[in-house]
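**Q** Quick one: the structure is below, questions incoming.
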Amino acid sequence: MILKDKKIILGVSAGIAAYKAALLTRLLVKQGAEVKVVMTAKAKEFITPLTLATLSKNPIMVDFYNPENGDWNSM
């Protein structure tokens, strides 16, 4: 497993390729990588954050800051 214990950030933007993010996430995790996903708000129109959270086993970041208090999100 060449990806075992590697940390990967996968960025997903709006577009038809967003559907492939699920397959890519699944394959990376299967190879032992830790995958964290960052999505644009428009990407949610193509694939749900729940799908990618389930496959990556990590929470998905969609908003770069918390609109309630202005704090920046970080991974």
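**Q** For the stretch 5-75, what is the Kirkwood estimate of the hydrodynamic radius, computed as the reciprocal of the mean inverse distance between distinct Cα atoms, to one decimal in Å?
**A** Averaging 1/r across every pair of different Cα atoms and inverting gives 12.4 Å.
**Q** Going down the table (Lys4/Lys42; Lys4/Lys44; Lys20/Lys42), which pairs top 26 Å between alpha carbons? Numbers along the way, then the final one.
**A** Working: Lys4/Lys42 31 Å; Lys4/Lys44 29 Å; Lys20/Lys42 15 Å.
Table pairs above 26 Å Cα-Cα are Lys4/Lys42; Lys4/Lys44.
**Q** In whole percent, what relative contact order does the chain give with Cα contacts below 8 Å and a gap of six or more residues?
**A** Details: 118 pairs, mean separation 23.0, N = 75.
Answer for the chain is 31 percent.
**Q** Compare the Cα positions of Pro67, Leu24, Val35 along the charge dipole of the chain (+1 at Cβ of Lys, Arg; -1 at Cβ of Asp, Glu; about the Cα centre) and return the one farthest towards the positive end.
**A** Leu24
**Q** Could I ask something else about it? Using a 1.4 angstrom probe, figure out how much accessible area the chain has per residue, in square angstrom, rounded to the nearest whole.
**A** Numbers: 5260 Å² over 75 residues.
For the chain, the per-residue accessible area is 70 Å².
**Q** Could you derive backbone 3J(HN,Hα) for the stretch 24-29 from the dihedral phi with the Karplus parameters 6.51, -1.76 and 1.60 (θ = phi - 60°), listing whole Hz in sequence and x where the residue is Gly or Pro?
**A** Here the 3J(HN,Hα) series is 4, 4, 4, 5, 5, 5 Hz.
**Q** Considering only protein heavy atoms and a 1.4 Å probe, what is the carbon-and-sulfur percentage of the accessible area of the stretch 29-75? Show your work: numbers first, answer last.
**A** Values: 1730 of 3150 Å².
The C+S portion of the solvent-accessible surface of the stretch 29-75 is 55 percent.
**Q** Out of Lys36, Lys20, Lys57, any idea which swings most in a Gaussian network model of the chain, alpha carbons joined below 10 Å?
**A** Lys20
**Q** Which FRET efficiency value, to the nearest 0.05, is calculated for Lys42 and Lys6 with the Förster distance at 22 angstrom and r the Cβ-Cβ distance?
**A** Details: r = 28 Å, r/R0 = 1.28.
For Lys42 and Lys6, the calculated efficiency is 0.20.
The values are calculated or read from the model by the stated rules, or taken from the named source; none is laboratory data. Since we're looking at a predicted model, the values are computed, not measured. Positions of Cβ are generated from backbone atoms using ideal geometry, with glycine treated the same way; all protein chains shown enter the neighbour counts. Each accessible area value is taken on the protein alone, full model and side chains, heavy atoms only, with ligands, DNA and RNA left out. Shrake-Rupley method; radii C 1.70, N 1.55, O 1.52, S 1.80 Å.
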